[in-house]
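Written below as structure tokens is the structure these notes are about.
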Amino acid sequence: MASSMDEKLKDILAKVLLIDESKISDGMSRKSVKEWDSMAHLMLVSEIESAFEVTMDDDDIMEIQTVGDIKKTLKKVGITT
């Protein structure tokens, strides 16, 4: 069973990128999703920070390329599954 963090994250990704939650996986990357452009990336970061009540480091934000990277960054700021 998926964790609440996973559910919340999938919900945000689906909403911001306008894609079906079933298509979201840890390996999904900015390169593979045409909707995941720089504007969508900023919206994702904003939504994630708001939903999880965290602030991500600028360097971490720039390094995010995949859904897995987002999860790693969330763990780094204390959000665990």
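All of the numbers you see were taken from the coordinates with simple rules; none came from a lab. A quick note: this is a predicted structure, and the numbers were derived from the prediction, not measured. FYI the Cβ positions are ideal-geometry reconstructions off the backbone, even for glycines, and counts take in every protein chain you see.
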Next on the checklist: Given the criteria loosely packed, with under 12 Cβ neighbours inside 10 Å and of a type outside the set (Phe, Trp, Tyr), does residue 50 qualify?
Outcome noted: yes
Next on the checklist: Among the residues of the range 9-64, what is the count of those that are of a type outside the set (A, V, I, L, M) and in a helix (DSSP H, G or I)?
Outcome noted: 17
Next on the checklist: Looking at the range 29-44, can you tell me whether even one residue there is loosely packed, with under 13 Cβ neighbours inside 10 Å and in contact (Cβ under 8 Å) with a residue 24 or more places away in the chain?
Outcome noted: yes
Item to check | Cross-chain or 6+ apart pairs with Cβ under 7 Å, the range 52-66 first and more than 8 Å from residue 77 (Cβ to Cβ) and free of Cβ contacts under 8 Å to residues at least 40 places away in the same chain, then buried (at least 17 other Cβ atoms within 10 Å of the Cβ) and among the basic types (Lys, Arg) | outcome: 65/30
